[in-house]
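**Student:** Once you've had a glance at the structure underneath, I'll fire off some questions.
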Amino acid sequence: MHAAPGLVHQIRLLTGDRGFAFEAVEYAFHRAWDHWPEVACDSDPVGWVRAQAYEYALSPWHQLRPAARRSDSAPDDPLLGALLALPASHRRITLLCDGLGLSIAQAAAETEASTPVAESRLHHARSALARQVPGLDAGSDAMTSTMTRLVADGASATLPSALSTRAGSERRMRLLTVAVCVLAVTLAVALVLAAVTG
């Protein structure tokens, strides 16, 4: 849970929506609890949770929700505005490589892309950011340091405690188990009735 505030900030940078960022991170922690044996054995548990949060946040299905998320008001920071204008995959790779300092290979693995695809996305993202933000050069260290600063700023969100996240996950799993049992019993009764009347 110590990584939660930083993850909320990162999702806000990905989507432009702070409220949705809380939802995505909470979802990721629920998934982590549901898959705890896998997460506990992972060499980078925070990376596992981050990947879940990013996937949830960037899922195109959220656009179909009745209250499709809207970004917060136009950002004051020109870099954030330029970042939000990038395609989602370019935003993600830029945050991972320039903001968090992951290597191209690590970012490619996390985004489930090949290394050449990740390199191409990063190159295009850096070029677009350099065109839109005065003083940034796509090939300079200034790009990385500016993105690192952007990711480091504002990482102070508060989330529910680990115990409430665990309780919520266990409650969801119990409800899902009950729903599956009710469905199975209903199907069994329907089959028996069909066999008796047939």
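**Student:** Please compute the net charge surrounding Arg31, taking Lys and Arg as +1 and Asp and Glu as -1 over other residues with Cβ under 11 Å from its Cβ. Can you show the working numbers first?
**Tutor:** Values: positive: Arg172; negative: Glu26, Asp34, Glu38, Glu55.
Result for the neighbourhood of Arg31: -3.
**Student:** Working with all protein chains in place, sort Cys41, Cys181, Cys97 by solvent-accessible area computed with a 1.4 Å probe, largest first. Walk me through the numbers before you get to the answer.
**Tutor:** Working: Cys41 115, Cys181 75, Cys97 15 Å².
I get Cys41, Cys181, Cys97, largest accessible area first.
**Student:** Right, next: What does the charge add up to near Gly6, with Lys and Arg as +1, Asp and Glu as -1, over the other residues with Cβ less than 15 Å from its Cβ?
**Tutor:** Counting the neighbours of Gly6, the net charge comes to +1.
The values are calculated or read from the model by the stated rules, or taken from the named source; none is laboratory data. Please read all numbers here as calculations on a predicted model, not as lab measurements. So basically every Cβ, Gly included, is an ideal-geometry build from the backbone, and we count neighbours across all protein chains shown. Heavy atoms of the whole protein, side chains included, go into the accessibility calculation; ligands, DNA and RNA do not. Shrake-Rupley method; radii C 1.70, N 1.55, O 1.52, S 1.80 Å.
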